[in-house]
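As structure tokens, the structure follows; a few thoughts come after it.
The values are calculated or read from the model by the stated rules, or taken from the named source; none is laboratory data. What you are looking at is a predicted structure, and each value in this text was computed from that prediction instead of being measured. No Cβ is skipped: glycine too gets one built from the backbone with ideal geometry, and neighbour counts run over all protein chains shown.
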Amino acid sequence: MCKETYITISAVPQLVFDLQEDLKVLQETREAETLRKALLASTKQRLNYILEEPNIALKAACMDPQHAPNLKKFVKKEVLDSVWQQLSDDYDNFARKIATEEDSQYPDANEIVKDQIICLRNFFESDKAPKKVSNSLIWWKNWKAGEKLADFAKKLLCIPATSCSSERCFSSAGNIYTEARARLDPDTVEKVVFVRENLKILPEDLKELLKVYFKEHDINYQLND
């Protein structure tokens, strides 16, 4: 999903905090106030763990220049300390795995990894932290203090906040792999689903060719330009 429009998981901690703050505003009528209290209690019961214990959403938020500078305002220091420590361990494992795949030597670089993570945290929590970042991936693309760190951040920033994309893919597969086309090869189905879900980012001339192909093969599709 190269052009996914849904938010990623790094935005979730800030959204949870904003939601709870909005629900703290007293309402004028008794009925509205009763509803407000019920909603606030429900969100705290279901979502407070996102702000009160280390989790993947906080990890992603710590690596997101759009949200990392604000985390210290509503997440306890001891929680952030634990999250950053886990990020340091995860980054070390990530760097070692990359070195193995590239068949290159990985020095005892644990201290270097820690220094990079500590420097990143200090930067995000300082007065020099980025104020306005419209695209976190572009920000990391321009990051000059370690290519592997940028790659590590991108792995966290690509996690979707909802399962909508996955559900759409399952629905697409169901429309393609029907009883009438039960002999389709699984690899072919996978490729058709991929193309169908990414039609909107393709050039117009290629879109038209694919539309003709889908029509000839009786493949249901929906394209929102």
Exercise. Looking at residue 30, is it surrounded by 13 or more Cβ atoms within 10 Å (Cβ to Cβ) and either more than 20 Å from the chain's Cα centre (by Cα) or within 25 Å of residue 156 (Cβ to Cβ) (or both)?
Worked result: no
Exercise. Has segment 161-184 got any residue that is closer than 30 Å to residue 99 by Cβ and in contact with a strand residue (DSSP E or B) (Cβ under 8 Å, 6 or more places away or on another chain)?
Worked result: no
For this session: Search segment 170-183 for residues being of a type outside the set (S, T, N, Q) and surrounded by 14 or more Cβ atoms within 10 Å (Cβ to Cβ), and hand back the single one that is nearest to the chain's Cα centre (by Cα).
Result: 173
For this session: Pull up segment 17-53, narrow it to residues that are in a helix (DSSP H, G or I) and of a type in the set (Val, Ile, Thr), then point me to the one that is nearest to residue 72 (Cα to Cα).
Result: 50
Exercise. Is it true that residue 72 is surrounded by 13 or more Cβ atoms within 10 Å (Cβ to Cβ), at negative phi, at pLDDT below 95 and in a helix (DSSP H, G or I)?
Worked result: yes
Exercise. Out of all the residues in segment 166-188, is one or more in a loop (DSSP other than H, G, I, E, B) and touching a residue at least 24 places away in the same chain (Cβ under 8 Å)?
Worked result: no
Problem set entry | Qualifying positions in segment 130-166 - among the aliphatic types (A, V, I, L, M) and either loosely packed, with under 12 Cβ neighbours inside 10 Å or over 16 Å from residue 11 (Cα atoms) (or both) | 138, 145, 149, 150
